[in-house]
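Here is the structure we will look at.
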Amino acid sequence: METREFGDIELRQVREHVWEIPREGEMNAPARVLASEALLDHIGDDKTLEQLRNATHLPGITKHAICMPDGHQGYGFPVGGVGATDATDGCLSPGAVGYDINCGVRMMTTNLTYEDLQGHEEELVDALFEAVPSGLGGGGVVTGDAETIEDILARGMRWAVDAGYATDDDLAHCEDEGFRDDARPEFVSQKAKDRGRNQIGSLGSGNHFLEVQRVTDIYREDVAESFGLEADQIVVLIHCGSRGLGHQTCTDYLRRIEKEHKDLLDDLPDKELAAAPAGSALAEEYYGAMCAAINFAWVNRQLIMHRTREVFADVFDRDWRDMEMRLLYDVAHNIAKKEVHEVGVDPEGRPVRDSDAVEREERELYVHRKGATRAFPAGRPELPPAYAEVGQPVIIPGSMGAGSYVLRGGDQSLDLTFGSTAHGAGRLMSRTKAKQEYWGETVQDELREQEKIYVKAQSGATVAEEAPGVYKDVDEVVRVSDELGIGDKVARTFPVCNIKG
Amino acid sequence: MGFTLRDHTADVAVEADGESLGAVFAAVADGLTAAMCDDPAETGDRFSFAVRAEGREALLFDYLDQLIYERDVRGVLPAAHEATVRLEGDEWVVEASARGVPFADVDARDVKAVTYSEMRLAETDAGWEAYVVFDV
């Protein structure tokens, strides 16, 4: 069996694309990395593996802590990390969700073709940039009063339907129908609500963007048809999260855990893994607050999609409904959810890895996905009726010079990853180095001249920091996902217009 | 004495030093400003605030968190930071001020949050040094 060493961490190959850090010392479970040799070289290059090993110290972590093929160093828990903890005697970790609660992606399909759009790229990118708030201090599509914020936090996209920003069909094509019933707005601090007020419907900056894309490849015709995708079609991808409201919620609970559960925190190797014991008042409050922030993020992406529909209507001079601008799916990639999964247990009923199990039981777990996308196969009860037979759409954004992918939840995902796959290409180069290597305007010019991609950003520095060369090869990430059967390739898209903060 | 932006795969790290705790706090905050904007304008009015916490590291965390909050709520980029830190009973207190540059005057990008990841705050022969990772 092949082994690889990175610093003091040794990985043993379990099978192709599956590597394991064996359990030792204070680890509560082994850790696994799902990667090709080439991706593992990148993953081993920073502190990702150390952070993954640290994640196995979380109380009640079940089976393995897992790093997806696009994993990279984050803070505390690695980005691209999946950790399922026992919802009865494990823990719930804000650090394993991340600051941007329900950072996620949605894709909207249209009946336009690339040919319909050619000649309109400049007008479209300018109009989108004008209409969709982005960057720092760009405001939001809606400025909310206190009542509006409470309503959004409590009701998510149902608020957007009542306010005229969404349709029932949009709800039917969103994870959880755009609404977490467990949301408890009273557990979101006033500080967080203050920050959210003028950011409802805004992209922010960093790696968040809105992209008009064309479908270039179809890999599974039958699934693509169910998703409403065909070659040469124009689609829109929106990537952003819960903005300041979500960031503040994570920060608030991190500090409360530090004060109220110091004993648990002292046992963890990294303060950013901050976790509250399952069943504690704090865990319940964080879960309610997180679910409220999840609702906020869905509304955020919905308002941006609403604006996008209006822009298309202006630019193409017809009603957006005539362009069949439908939400394909909206899926979170920074989230923790109570989910029921079948796990192997030892004679004492403790969850263990499959090779040590004497029987299998269904357990309620907090599945933390930080920079990882839920990827449920057909048959899971959580899937919307539209995708119950084919599996859940998974949207994997690439960099602004590379393609993005639409996958569907794979048959092996429940066994290997608690129903999860990658969330993007994964960063390779630091932001500071990217600004030394690239110049924003040059990147924009090259993309336009060589690739016919029109990019518009609030800040040239953001373009440099997000240059295509700073990301891993998204094709390789998706190849590994597909070959492992955790997320199957359905279609590939290529950017046409991109706006960012 | 001042700050340097350090490499981090996805985020931004600030390494700073100062002759006093207050000076190193302000230097980290100047680094936070630099992570958001390469060239802040000389405009805007100063504002002041105070933060209390149970320890020095917690105080640094809460101070930077408060700056991010003030940024979003006031609609300004905080710049030109000043801070003094003292122990009051069993609580640490920072009295701070910054110049709030209106967003309209700058080309700035978001930093989401301060993190405890790899945070270091230590006394040296010359004063204090700190290392803070921010989530971008």
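Values for this structure:
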{"quantity": "Residue count, segment A:1-39 (criterion: among the aromatic types (F, W, Y) and free of Cβ contacts under 8 Å to residues at least 12 places away in the same chain)", "calculated": "0"}
{"quantity": "Unique match (being out of contact with any Lys or Arg (no Cβ under 9 Å at 6 or more places or on another chain) and among the β-branched types (V, I, T)) among B:V28, B:V94, B:V111, B:V136", "calculated": "B:V28"}
{"quantity": "Residue among A:G60, A:G104, A:G90, A:G137 that alone is within 30 Å of A:D169 (Cβ to Cβ) and not hydrophobic (A, V, I, L, M, F, W, C)", "calculated": "A:G104"}
{"quantity": "Qualifying residue in segment A:206-215 (condition: small (G, A, S) and at pLDDT below 95)", "calculated": "yes"}
{"quantity": "Scan of segment A:377-395 for residues that are buried (at least 24 other Cβ atoms within 10 Å of the Cβ) and aromatic (F, W, Y), ordered by number", "calculated": "none"}
{"quantity": "Identity of the residue in segment B:36-70, over 15 Å from B:F25 (Cβ atoms) and facing chain A (nearest Cβ under 8 Å), that ends up farthest from the chain's Cα centre (by Cα)", "calculated": "B:E54"}
{"quantity": "Selection count, segment A:250-277, where residues are under 28 Å from A:Q199 (Cα atoms) and either facing chain B (nearest Cβ under 10 Å) or over 22 Å from the mean Cα position of the chain (by Cα) (or both)", "calculated": "10"}
{"quantity": "Elements of type strands (runs of 3 or more DSSP E) contained in segment A:301-376, each with 1 or more residues being touching a Cys at 6+ places or on another chain (Cβ under 6 Å) and within 30 Å of A:E211 (Cβ to Cβ)", "calculated": "A:326-332, A:334-345"}
{"quantity": "Tally, over segment A:261-285, of residues that are out of contact with any strand residue (DSSP E or B) (no Cβ under 6 Å at 6 or more places or on another chain) and at pLDDT 95 or above", "calculated": "5"}
{"quantity": "Among the residues listed as A:A292, A:A297, the single one being at pLDDT 95 or above, farther than 18 Å from A:R374 by Cα and either assigned to a helix (DSSP H, G or I) or not aromatic (F, W, Y) (or both)", "calculated": "A:A292"}
{"quantity": "Check on A:G98, in contact with a strand residue (DSSP E or B) (Cβ under 7 Å, 6 or more places away or on another chain) and within 14 Å of chain B (Cβ to nearest Cβ)", "calculated": "yes"}
{"quantity": "Matching option when the condition is closer than 27 Å to A:K63 by Cβ and either assigned to a loop (DSSP other than H, G, I, E, B) or not small (G, A, S) (or both), among A:R408, A:R448", "calculated": "A:R408"}
{"quantity": "Failed condition for A:G398, given (1) surrounded by fewer than 20 Cβ atoms within 10 Å (Cβ to Cβ); (2) assigned to a loop (DSSP other than H, G, I, E, B)", "calculated": "(1)"}
{"quantity": "Every pair of residues 6+ apart whose Cβ atoms lie under 8 Å, when the first sits in segment B:123-136 and is within 14 Å of chain A (Cβ to nearest Cβ) while the second is polar (S, T, N, Q) and part of a loop (DSSP other than H, G, I, E, B)", "calculated": "B:V132/B:T115; B:V133/B:T115; B:V133/B:S117; B:F134/B:T115; B:D135/B:T115"}
{"quantity": "Selection within segment A:173-217 - within 14 Å of another protein chain (Cβ to nearest Cβ), under 20 Å from the mean Cα position of the chain (by Cα) and either under 23 Å from A:G460 (Cβ atoms) or of a type in the set (D, E, K, R) (or both)", "calculated": "A:Q199, A:S202, A:L203, A:G204, A:S205, A:G206, A:N207, A:H208, A:F209"}
{"quantity": "Filter result for A:G119 (in a loop (DSSP other than H, G, I, E, B), free of Cβ contacts under 8 Å to residues at least 12 places away in the same chain, within 14 Å of chain B (Cβ to nearest Cβ) and not polar (S, T, N, Q))", "calculated": "no"}
{"quantity": "Filter pass, A:I499 being of a type in the set (A, V, I, L, M, F, W, C) and closer than 26 Å to A:F376 by Cβ", "calculated": "no"}
{"quantity": "Answer from A:G90, A:G60, A:G80, A:G25 - the residue that is more than 21 Å from A:D488 (Cα to Cα), out of contact with any Leu (no Cβ under 8 Å at 6 or more places or on another chain) and crowded, with 17+ Cβ neighbours inside 10 Å", "calculated": "A:G60"}
{"quantity": "Total residues in segment A:457-482, condition part of a helix (DSSP H, G or I) and either within 11 Å of another protein chain (Cβ to nearest Cβ) or among the polar types (S, T, N, Q) (or both)", "calculated": "8"}
{"quantity": "Pairs with Cβ under 9 Å, 6+ apart, first in segment A:164-177 and in contact (Cβ under 8 Å) with a residue 60 or more places away in the chain and buried (at least 23 other Cβ atoms within 10 Å of the Cβ), second in a helix (DSSP H, G or I) and among the hydroxyl-bearing types (S, T, Y)", "calculated": "A:H173/A:Y387"}
{"quantity": "Segment B:71-103, residues that are surrounded by fewer than 18 Cβ atoms within 10 Å (Cβ to Cβ), within 14 Å of chain A (Cβ to nearest Cβ) and either within 12 Å of the chain's Cα centre (by Cα) or part of a strand (DSSP E or B) (or both)", "calculated": "B:E91, B:P102"}
{"quantity": "Which numbered condition A:G409 misses (of (1) modelled with pLDDT of 95 or more; (2) closer than 30 Å to A:G90 by Cα; (3) in contact with a helix residue (DSSP H, G or I) (Cβ under 8 Å, 6 or more places away or on another chain))", "calculated": "(3)"}
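The values are calculated or read from the model by the stated rules, or taken from the named source; none is laboratory data. Since the structure is predicted, the reported quantities are computational estimates derived from the model, not experimental observations. Backbone-built Cβ (ideal geometry, glycine too); neighbour counts: all protein chains shown.
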